[in-house]
Amino acid sequence: MTAKTAAVIFGLIFVAVGLLGFVDNPIIGTSADAIFHADTIHNGVHIASGVLFLLVAMAAPASAGTVLKLFGIVYLAVGIVGLVQFGKESGKVLGILHVNGNDNYLHIALGILIFLAGFMKSRRLVA
């Protein structure tokens, strides 16, 4: 797998999760019973992240690794800040992004995974 392929996969997943957050369900939503809390802003961040992953993968595949590393650091930081600020409780990271404890752990895991995906090698075409 290449960084470009990873960016496409993450892009599709993030867009799907962002859209899923707008549909009432027990996994992602505004309900206190939802496993992951995501309001309109949080859903928008997921969709925007996914679209950016897809755009980079298609328009600038050589930069996919760098973008994945940067996003990995950002998602890891959001998860750590959320965990430090709120632990397992709900709150708004930096006063903007509403999260709960499960979100914090997921953001940390995604941050690490996305960052590591940035180190995947690009395919080299031999002429």
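Tabulated data
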| item | result |
| --- | --- |
| Filter result (at pLDDT 90 or above and part of a loop (DSSP other than H, G, I, E, B)) within segment 81-119 | 118, 119 |
| Every residue from segment 1-43 that is farther than 30 Å from residue 60 by Cβ, of a type in the set (A, V, I, L, M) and surrounded by fewer than 16 Cβ atoms within 10 Å (Cβ to Cβ) | 23, 27, 32, 35 |
| Residue pairs meeting the criteria (Cβ under 7 Å; at least 6 apart or on separate chains; first over 15 Å from residue 51 (Cα atoms) and β-branched (Val, Ile, Thr), in segment 16-28; second at pLDDT below 95 and in a loop (DSSP other than H, G, I, E, B)) | 27/34; 27/35; 28/21; 28/34; 28/38 |
| Counted residues, segment 1-54 - those being assigned to a loop (DSSP other than H, G, I, E, B) and either of a type outside the set (A, V, I, L, M, F, W, C) or modelled with pLDDT of 95 or more (or both) | 9 |
| Extreme residue, farthest from residue 11 (Cα to Cα), among residues of segment 100-120 that are in contact with a strand residue (DSSP E or B) (Cβ under 9 Å, 6 or more places away or on another chain) and not polar (S, T, N, Q) | 103 |
| Residue match in segment 91-100 (condition: more than 13 Å from residue 3 (Cα to Cα), within 13 Å of the chain's Cα centre (by Cα) and free of Cβ contacts under 8 Å to residues at least 60 places away in the same chain) | yes |
| Residue match in segment 39-52 (condition: under 19 Å from residue 11 (Cα atoms), over 13 Å from the mean Cα position of the chain (by Cα) and free of Cβ contacts under 8 Å to residues at least 24 places away in the same chain) | yes |
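The values are calculated or read from the model by the stated rules, or taken from the named source; none is laboratory data. Note that the structure is predicted; figures quoted are calculated from it, not measured. Ideal geometry is used to build each Cβ from the backbone, glycine not excepted, and the neighbour counts take in all protein chains shown.
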